[in-house]
Structures are given as structure tokens and as C-alpha cells.
């Protein structure tokens, strides 16, 4: 899942980015409002974490512009402004969540996960596809009763496919949602990782879970 | 002692009213009394004179003409006139037969002018007495040979008549005056109470309105629909005061909110840096870098808290200043020292153009705080590879020092806010959280404390200049 962090206070920006990456997210980050808007409108982020007082452009201004351009990304406002009026203004301008600084990092993570479930209409934090079981909170994966150990990248890929289970997912979708803007990987990496993932999920006598749709991408679970 | 305006007005009015009524009643009483008694007394006096004229001295004997004694007013049964005549030694010469053995009141009178008094007879009836001292005629002598009798022969005569109707009328008059006064006082009290109440209504309304104003609704103002001219100045002053209070409260609230906001951001930084670091096991170097990161944030927070404390102390005038002779060029150089590294990083060039001769009397420590804040601001907002320079010149009774930097993108309107607490010009500042907009506010407050002033301006070409105006110049001492 790909996130954008727009936060101008350097220590916070750095720790947020680090923490979110370690939690398995692909994170793009900037400390400038203008640049933030450019990132937000040019890519399809799952969640945008937005500070309000920013140099270059105010956070609420960015939010307005994102929404008028029809961007569907979920926006979480992260700010020191804590009055009811500020929260109401932010939410009414199209934000999906509001968190006041200082905050517990765990809570931020939980809120981001909740926003992700919402954007993929996935209420249950446990996804089950046939005998494959994924716990979105602890990021653990089982096939039948056997736990499967995945690298963070592999897990991120599986999670994305699972969130859109039953739907065709193109390479460029995967590229957009699983990889960071500045990552050095090229799009063949997707195929390589799909290969790794298939191998790890494969169990003798059990059917293949990831199907290739020729020229169009992949599907997890029963073919659409 | 009387705190109530209403009671004061009422008591004042009533006292005045009572005093006037008293004076009026006394005058009326005196006039009527005089009129009533003067008629009565005139008739008594003429009777007395007539009686005196009828008294003759025959040898040593005093004689009273018989026909006078038999005059109807002396003998009538109802309300008779009594008389009695005494010698100067007090022995009774004659008295009206109706008196029996009773005496009339003997008044000391001067010769030939009657005096009057009211007394009571033994029966309890009031008597009006006229008393006359006279020298009797000598009987059967010619007028020419009339020997002058000496004062020892003078007789005193008293004539008395029942005066119950007179006294009665007098009493009625007194009661009448008393009752009328009481009624007038009562009525005027009621009227005065209503008028005073009405008159004080605007005051009461204002009092109620003011009483209703709490800290929460300082935006209310006292209306002027019902306010009389006399209270207008009070109302205007109160409204002014309310405006100022409201502004002060707003400023205070905004300031507190800004402080909270500015402290929250670095706190969030510390917290999330630590939480992320603790999320998993890490290498020692990583912990080390997290710790130094947090330490840097703590330093910034400490600076901010110190600035806030300094602002609060300046506001409370708890800071004392020690003036001494300060060489400005040298002060600027020492203040620049700590910033030179940062300036180098941003490839800024610095030039101190202050003449070494220029000096002033001021507080060294506080003035260097001001200069450091202004220089810090210049380094922060100058363009990359820009210029910073300082100048100073001597005016009539002040020294003006200026710190300028290139690369300013503020408008003139924005420049007017640079000394507001927590105000930050929205430029592409690189270090959010470090500069929270207190430096110039503090500089301005300190300059005021030093008796000087500070102003900022933007010149064409993006040159931002902060001018520090210091009072009290001493003739500079030449170094040579």
C-alpha cells in the first residue's frame, strides 16, 4: 500500500517515513506544500498523511485541490491544531480522518490500516481466500494451518492482491500501490516478485492462487 | 456611609423638604399668632389704660372711680374682665370683686407701656393678662399745681380676660400646620421615591448589563438607547474598556493556543522518533542517532521556552537593565560568531559596516539577545548565497542600527506582522519547528524595555531591513 506523507517538521517527517516503511508501506514524502500537491495529484496514493501548516501551500488548500480534482485517496490530517472547529473544517473539506499531535505511532498505524480497509471495502481485518488467510493487523499469512513467512515486499504485494481479490490487477496498478516513487526497481520487478510469491504460497496438492491474465495482469483467488 | 445613590437622593430631598416646611410653618405660625393676639391685646390695653386713668391718689389712699368698677365688662357673668392693682411694694390696692381672694399674675412692666402674657386661672381656664405700670393722678387738684409724683408712687395694674377661644384657635392652627406638614412630607416622599427610581433606572439597567458580562462574552457593548447624556461618558469609557479587554483576552487566548501548538509539534517529533525506534530491535548507531535527534529537538524546545519566559518577564517588567558603554561594531561581531557556521552552510556573505567609533549606553546582554535574534532571522530568511550586512548611524539623540538581508519575499503588509508572536512569513523555510516566530517579537519587546524601538521594512530588490533605534547616546570615545 502506498502512502504520501506531507509534513514540514523534519524530525517528525523522518520518523513517520521510517516507521511507516518498516510497517510495510511504500512511502513518498515531502516537506513542502507545493511539492506535496504535485505528488498527490500525480499518483494514486492509498492514504495521504497531511500536516496543515506547511510552507508553500497550506494543508487545507492542498486538500481542497485534491478533492476538486477528483482524487479518491484517503486523507488523514495530522496536525497540532486541536479545536473542534479545526477538526470540523478539516473533515468537512474532505478529509477522512483527523489526528492531533502529539500522537501514539501505533494509533496512527491503526488508523492508516482502517482507512485502507475502507478504501478496499474490507471491513474484516482478516482476509480469507479459499484456504489462504491473511491477518492485516499482525501481517501474518497462513495457508491451511501452516504459517507462511514472507518478506515485507512480498507481504505488501500479497496484501494488495488480497484487498482486490477476484479483480484483475494490472502491473501498473501494482507498481503504483506497492512501490515508492523513488524506488530504483523497474516494472519487471513485479513479475519477479509475483514469481516468489507464487512459490511461497504453493502447497502440494493445492490449487494455484495467483492467476495470470494474459497481457493484463494478475488475479488472486477464483478467476473473474 | 450611605452606599445607595437612591437612599442618598431620597434622604437629601426629604431633609431639604422638611427644613423648608419647618421654616414655612414657623413663619405662618408667627404671622397668624401675631394677628390673633394683637387685636386681643389692643382691647386689653385700652381697658388697662382706661382703668389706670380712673385711679386717683387721694392723700395716701388710692381710689378707683366707682362707675368704672361698675362697667359692664368687669361685672358680666360670662367671660368677665378681671383687674387687680398693686403698689410698688406688692400690696394689693384693689381687685375686681369677681376675683375673690385670687391674685392675677403680676408682670414687671415699664412705665406706661403694657406687657402681655397668657396664664391660667385657678379654674384652669386660660387668661390673657395685660399689665401696666403707671403713676396715678392726685385727686381734686388743678392741673397747673399738679405735683410730680415720684416713681415710688407708681402702681402696677393687671387686666385679665378669658382667652380660651384665642388659645383654642392657636392650638388648632398648630395642629393644622403639623398635620399639613406631615401629609406634604409623606406625599413628597412617595413622589420623590418614584422620580428617583425613574431617574436611576438607566444606571440600574447599565449595572445589570455590566453585571451580565462575563469573560466569555466580552464582545457585548452597552447600548445607548436609554442612556441619558450624563452617563454617556461613562458608557463610552466602559465600552472602550470592554474593547480593550476583549482584544487583550483574544490576544491572550491566541497566544496560549499558539504556545500549545508550537510545543506540540516538537513533542510529536520526539514521541514518534522514540516510538518508531522502539518498535524493533536496532543497532547501537541507530539508537545513537535517534537520541541525538531527540536531544536536538529538546534544545529547540528549550530555546522556545526560554524565549517565552523572557517575553513573560518583560511583560511583567521583571527584568532589570544595567547600562554600560557599548561599542556597536564589536557587539555585532561577537553576536555573529555563533552563526558564522550556519551562514557558511548557506553560502551567505556577511559584512559589518558599522563605524568602530559608534557607541551607545545600553544593556549589553539584552542588546546582544536582540541582535542575535535579528541576525538569526536574517540568516534564516536570506536567499541561498545572499548577503547580510549591518550599518549604524548617529541621530540627534539616538543611535540607529540596521540589519539587512537579501532575498526577502514579504509584502509590505506582511512586514507589519513580523514582530507579532508566532507569526511566520510563508516562505520556503527549511527548518519548521526550530523557528517558531518568537525571535523578532522578543527583540521588539526587549528594545521597548531598553527605551528604544524597532521597525522593519522591505526595500525594492527584496532587501529586508530591521532597524534598531537606541536612545541616550553618549559622545563616542575615539579609540585613537
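The values are calculated or read from the model by the stated rules, or taken from the named source; none is laboratory data. Predicted model only: the values in this text are computed from it and were never measured. Here the Cβ positions follow ideal geometry from the backbone for every residue, glycine too, while neighbour counts run over all protein chains shown.
Key figures for this structure:
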quantity	calculated
Any hit, segment B:195-218, residues being surrounded by 12 or more Cβ atoms within 10 Å (Cβ to Cβ), away from chain A (no Cβ under 14 Å) and assigned to a loop (DSSP other than H, G, I, E, B)	yes
Residues located in segment B:363-390, provided they are closer than 19 Å to residue B:463 by Cα and surrounded by fewer than 18 Cβ atoms within 10 Å (Cβ to Cβ)	B:383, B:384, B:385, B:387
Search result, residues across segment A:91-111 that are part of a helix (DSSP H, G or I) and out of contact with any strand residue (DSSP E or B) (no Cβ under 9 Å at 6 or more places or on another chain)	A:92, A:105, A:106, A:109, A:110
Test: residue B:293 is farther than 30 Å from residue B:419 by Cβ, at the interface with another protein chain (Cβ under 10 Å from one of its Cβ atoms) and either surrounded by 12 or more Cβ atoms within 10 Å (Cβ to Cβ) or modelled with pLDDT of 90 or more (or both)	yes
Strands (runs of 3 or more DSSP E) contained in segment B:343-396 and holding at least 1 residues touching a helix residue (DSSP H, G or I) at 6+ places or on another chain (Cβ under 8 Å) and at pLDDT 90 or above	B:349-352, B:387-394
Filter pass, residue A:115 being within 14 Å of chain B (Cβ to nearest Cβ) and either surrounded by 13 or more Cβ atoms within 10 Å (Cβ to Cβ) or assigned to a loop (DSSP other than H, G, I, E, B) (or both)	no
Residue in segment A:147-160 that is over 17 Å from residue A:22 (Cα atoms), assigned to a helix (DSSP H, G or I) and in contact with a strand residue (DSSP E or B) (Cβ under 8 Å, 6 or more places away or on another chain) present	no
Exclusive hit being over 18 Å from the mean Cα position of the chain (by Cα) and more than 30 Å from residue B:270 (Cα to Cα), set A:88, A:189	A:189
Residue A:84, sole failed condition from (1) more than 30 Å from residue B:409 (Cβ to Cβ); (2) at the interface with chain B (Cβ under 9 Å from one of its Cβ atoms)	(2)
Any hit, segment B:264-280, residues being more than 10 Å from every other protein chain (Cβ to nearest Cβ) and touching a helix residue (DSSP H, G or I) at 6+ places or on another chain (Cβ under 8 Å)	no
Search result, residues across segment B:219-245 that are more than 20 Å from residue B:200 (Cα to Cα) and surrounded by 16 or more Cβ atoms within 10 Å (Cβ to Cβ)	B:242
Conditions (1) farther than 21 Å from residue A:156 by Cα; (2) more than 14 Å from chain B (Cβ to nearest Cβ); (3) touching a strand residue (DSSP E or B) at 6+ places or on another chain (Cβ under 7 Å): number failed by residue A:79	(2)
Test for residue B:256: is it surrounded by 15 or more Cβ atoms within 10 Å (Cβ to Cβ) and within 14 Å of chain A (Cβ to nearest Cβ)	no
Test: residue A:31 is touching a residue at least 60 places away in the same chain (Cβ under 8 Å) and touching a helix residue (DSSP H, G or I) at 6+ places or on another chain (Cβ under 7 Å)	no
Odd one out for residue A:149, checked against (1) surrounded by 14 or more Cβ atoms within 10 Å (Cβ to Cβ); (2) in contact with a helix residue (DSSP H, G or I) (Cβ under 9 Å, 6 or more places away or on another chain); (3) assigned by TED's automatic domain parsing to the domain that holds residue A:208	(1)
